[in-house]
1. Tell me, please, whether a residue that is under 19 Å from B:A499 (Cβ atoms), open to solvent by 20 Å² or more (accessible area, probe 1.4 Å) and among the charged types (D, E, K, R) can be found in region B:518-537.
2. Given the conditions (1) outside the structural domain of B:L10 (by the TED database); (2) at pLDDT below 95, which single one is not true for B:T36?
3. Kindly indicate the residue of region A:115-150 that is more than 11 Å from every other protein chain (Cβ to nearest Cβ) and open to solvent by 20 Å² or more (accessible area, probe 1.4 Å) and also modelled with the lowest pLDDT among those meeting that condition.
4. Pairs please, first residue from region B:459-475 and closer than 22 Å to A:V76 by Cβ and touching a residue at least 60 places away in the same chain (Cβ under 8 Å), second anywhere and assigned to a loop (DSSP other than H, G, I, E, B) and open to solvent by less than 40 Å² (accessible area, probe 1.4 Å), Cβ atoms under 9 Å, 6+ apart in sequence or on different chains.
5. Mind listing whichever residues of region B:466-501 are open to solvent by less than 10 Å² (accessible area, probe 1.4 Å), at pLDDT 95 or above and part of a loop (DSSP other than H, G, I, E, B)?
6. Return a yes/no flag: does region B:381-398 have any residue that is at positive phi, of a type in the set (A, V, I, L, M, F, W, C) and outside any strand (DSSP E or B).
7. So, restricting to strands (runs of 3 or more DSSP E) that lie completely within region B:46-149, which ones have at least 3 residues that are away from chain A (no Cβ under 14 Å)?
8. Please go through region B:277-329 and give me each residue that is more than 27 Å from A:M86 (Cβ to Cβ), out of contact with any strand residue (DSSP E or B) (no Cβ under 9 Å at 6 or more places or on another chain) and outside any helix (DSSP H, G or I), ordered by number.
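The values are calculated or read from the model by the stated rules, or taken from the named source; none is laboratory data. Because the structure is a prediction, the values reported are computed rather than measured. Counting neighbours? That spans all protein chains shown, and the Cβs are built from the backbone with ideal geometry, glycine included. Heads up: the accessible areas ignore ligands, DNA and RNA and are worked out on the full protein's heavy atoms, side chains in. Shrake-Rupley method; radii C 1.70, N 1.55, O 1.52, S 1.80 Å.
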Amino acid sequence: MRGGGSEFETGKSNLLPAESELELGLGLSIGGGAWRERGRILTAKDFPSVGSKRAADQSSSHQGQGASPPRSSQIVGWPPIGSHRMNKVNNQAPMKAAKEEEEEEEGKKKNDETKDVSVQGLGYVKVNMDGVGIGRKVDIRAHSSYENLAQTLEEMFFGMSGSTTSREKVKPLRLLDGSSEFVLTYEDKDGDWMLVGDVPWRMFVTSVKRLRIMGTSEANGLAPRHQEQKERQRQ
Amino acid sequence: MDLRLPSKVLEHILSFVDSNEDRNSVSLVCKSWFETERRTRKRVIVRNCYAVTPEAVARRFPEMRSLTLKGKPHFADYNLVPDGWGGYAWPWIEAMAVKCPSLEELRLKRMVVTDECLEKIAASFKDFKVLVLTSCEGFSTDGLAAIAVACSNLRELELRECIVEDLGGDWLSYFPETLTSLVSLDFSCLDSEVKLSDLERLVSRSPNLKSLKLNRAVSLDALGSLLRLAPQLVELGTGSFSDKLDQEAVSKLSQAFSEMKELKSLSGLWDVLPEYIPLLYSVCPGLTSLNLSYATVQMPNLVELLTRCSNLQKLWVMDLIEDKGLEVVASSCKELRELRVFPSGAEGLNDTNVAMTEQGLVSVSEGCPNLESVLYFCVQFTNAAMITIARNRPNLKCFRLCVMEPFAPDHKTQKPLDEGFKAIVERCKDLQRLSVSGLLTDKAFEYIGTHGKKLRMLSIAFAGDSDLMLHHLLSGCESLNKLEIRDCPFGDTALLENAAKLETMRSLWMSSCCVSFGACKLLSQKMPKLNVEVIDEHPLETRPDSSPVERIYIYRTLAGPRLDMPEFVWTIQKNPEIGVSHLAIK
């Protein structure tokens, strides 16, 4: 098996000998599991509903390490709509919801959660993590819950905690349960920074402007509830 | 006999030469023409801010009054360029403040503009008149206040699709009472509410105001009073179009619209309620440009609007228009030149029983003889449709088709869309810009390379099979200027074999492809006149030469390697520790 058994193992000892790395196929053999998922080109195999004839050509070693095929709205920068337009159209979602209740004869009655979150699908917010120079963007509306979002963020920033020049063993961030050294916070429409998870998901979706993964020590001033939890954990 | 034209005569002649392309040619004739031309050029356009230094530009064109700059690569619009990559306006503004204090106009696109930049502009250019920022970011409404308060001859202030830190609507109140020169104001991308009374006073003391684009926070009621103060507007971007107005307010608004005899361009219309669409009927016949791309107008209402727009040349709309709506466009808007259809993400339009298909575009191509520019987002497409479109409209100059499902084949035949794009490039001999999508093999790119001789800009995503794809393009497309590619499975060979081509192009962007680290290094070593930037979030020191890089951005430059590269941008100049390439040189 290429690249070592677990996604967690990184480091020079896992680098494959040069010969096997000259194969520049789509199964990019870079030392370390974390890299593979990120460096991979999306191929037709990732979109099982279309282009089945291409599937046979691609290397098979990376089909989902538990990851489900990305929908077109979950690929970064796809469809290629300017971020400004995405955010503006996005902000119409709540408006649309209200209108749909009025325009019943148009047959657009239902307004369930999944539709609300997934179909509008175009709301990117910036995410920055303390200690990491590069900000990312995540599509809030392509997620259905806090757990879902935390998982995406953990995958995104996986292995980014600590120095970027060394590749030590990394642990999952576990952003939501207060057990790691990082917490997930967000800036809402009023410019206040809040801990993620305090309000119902749908409310969060409409009010989040950007996210920040900050060190627990910094987050102390944010919410009494979190502080209380930590107190409890210490006892 | 001295055959040289006296420079005064040449200057006079050049005062009639407006186009920069012509002026560039003039400057190549001989040294004295170069000198005369450079001393008289007023309008300078730099399409890659890293291709040349600000000092060099200021030195060459001392009489510059208008500067246009573009920063980040186009794919930055789609979040493919990490934050902090570059494109800073500051060095340019700082240099011009010293060397060209008579600068009057600044137009920036995809650049990072800070409040400090805006304050510097306000403080340095005494006769500053025009500020147009397109897709820029990094500033707040405080910076706008600085411009408003200080630029006493301001004519144009336009913020097009910028990301602004919105600290409130106060900035508008900083325009002094003495400012009466405003011709164009566009704050449509801001969120906060401005003080209506200040806006009204500003509008009423601006007799030359021709273009006003409001933000969504401006209510429908407020719109009425503004229109009454500025019936001479040629371009209008409304605010929110959804308040509940009483009958009297509605008829007053209707009256205001009917007084607008000069109106040619209409946009905004956020949240427009169907019952207010008739308010627009009186201005429709005069419109040449209509931007409904933020208006969630459904089909039946759209029809009524469009049938009245017989002079429309430019239409931007969402896919809520459906095929039926596009048929109406085809029969009513015979002057149409540009069509853009954006995805609404609305329910039902992303399923297979879509109401908007390739047929909509086919209808428009049949009905609108002047159609030359298309941007079309669609769930799927067919070769037959593209062949028909090409046959109908060989005059197309810009064809951007975005089939939203990556790798989607022709949905009727399940074949790749190669033949469709072949027809487009074969028939549309003047095609300058092309975006391809859907399932495409190397063949498609062979066709593009063979026929796309006038093609200047090409965008590709999720396509092709091998290196041949890139090879066809770089060796075949003679006019190629900008090439941007994402998620395509090719790499080094074509790039290295066609390295010389890259010096004839403005830029090449490749992300999530198979370009190896070694090839990037080799290219940098071979081509000193190019900046080869590897944009990769993971450290490269320990990477083997064969490992692929996340993104590369290659552009020709006279300025050499830039000095403002962040950690995640690697070049062999900035990062000599990464060493030379170990790839065999073929």
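1. For region B:518-537, residues under 19 Å from B:A499 (Cβ atoms), open to solvent by 20 Å² or more (accessible area, probe 1.4 Å) and among the charged types (D, E, K, R): present.
2. Only one criterion is unmet by B:T36, namely (1).
3. So, considering only residues that are more than 11 Å from every other protein chain (Cβ to nearest Cβ) and open to solvent by 20 Å² or more (accessible area, probe 1.4 Å), the one modelled with the lowest pLDDT is A:G131.
4. Every condition considered, the pairs that remain are B:S459/A:P80; B:S459/B:S437.
5. Those that are open to solvent by less than 10 Å² (accessible area, probe 1.4 Å), at pLDDT 95 or above and part of a loop (DSSP other than H, G, I, E, B): B:C477, B:L480.
6. Here is the first cut: in region B:381-398, the ones at positive phi are none.
No.
7. On the way: elements: B:66-70, B:105-109, B:130-134, B:137-140.
So the answer is B:66-70, B:105-109, B:130-134.
8. B:Y281, B:S282, B:T307, B:R308, B:S310, B:N311
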